[in-house]
1. Just to confirm the number: angle between the C-alpha axis of helix 2-28 and the first principal axis of the chain, 0 to 90 degrees, nearest 10?
2. Identify, among 111, 101, 23, the residue whose Cα sits farthest towards the positive end of the charge dipole of segment 11-112, taking +1 on the Cβ of Lys and Arg and -1 on the Cβ of Asp and Glu, with the dipole about the Cα centre.
3. For Rg/Rh (Cα atoms, Kirkwood Rh), several values are listed as (i) 1.06; (ii) 1.22; (iii) 1.46; flag the one computed from this structure.
4. With axes computed from alpha carbons, what is the tilt in degrees of helix 55-77 against the longest principal axis of the chain, rounded to the nearest 10 within 0 to 90?
5. Can you tell me the length gained on complete extension of the stretch residue 109 to residue 85, counting 0.36 nm per residue apart and subtracting the Cα distance?
6. Dipole of the chain, Cα-centred, from +1 at each Lys and Arg C-beta and -1 at each Asp and Glu C-beta, to the nearest 20 debye?
7. Identify, among 66, 82, 42, the residue whose Cα sits farthest towards the positive end of the charge dipole of segment 37-100, taking +1 on the Cβ of Lys and Arg and -1 on the Cβ of Asp and Glu, with the dipole about the Cα centre.
8. In square angstrom, rounded to the nearest 10, how much accessible surface does residue 15 have for a 1.4 Å probe?
Amino acid sequence: MRDNNRRLHRLVELVALAAASGTVVAAGLRAEPWLTATIAAVTLFCTGFRQVFGPGPRWAVAGHAWDALRRALDRYQLLPEAERDEAARAELLAAVEAIRADETRQWAERQRQQAPPGEPPALP
């Protein structure tokens, strides 16, 4: 998921940049109006996509959660075999659940911030 959001973020940013530049070039070259309008529409679509789906912030949240999960798993795996008992597994599970709850909380906060006043937050 983290890599998907990273790739999507970069793709949308690249397409938006190319389309915005292409609009200026097409207008400067006096291209057909339909072509200039189509390129401008792609720019507008990318801007709307960023606002609605926010792959950049989602990438940051997913990256933070992934890093926290990796550290919790590393701490568990660094324990000697003899110490990997029920208590250690319960501690690992608690850490994973806390990380997941934090990621969900951050997602919910972002959804509430983006929801228009008086409307419930959108679900994915």
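The values are calculated or read from the model by the stated rules, or taken from the named source; none is laboratory data. Since this is a predicted model, take the numbers as computed values, not measurements. Cβ coordinates were reconstructed from backbone atoms using ideal geometry, including for glycine residues, and neighbour counts include every protein chain displayed. Each accessible area value is taken on the protein alone, full model and side chains, heavy atoms only, with ligands, DNA and RNA left out. Shrake-Rupley method; radii C 1.70, N 1.55, O 1.52, S 1.80 Å.
1. Roughly 10 degrees between the two axes.
2. Positive-most Cα among the choices belongs to 23.
3. (ii)
4. Result, in degrees: 20.
5. Numbers: separation 24, 0.36 × 24 = 8.64 nm, distance 3.63 nm.
Full-extension gain reported as 5.0 nm.
6. On the way: 16 positive and 15 negative charges, 108 e Å.
Roughly 520 debye, rounded to the nearest 20.
7. 42
8. 50 Å²
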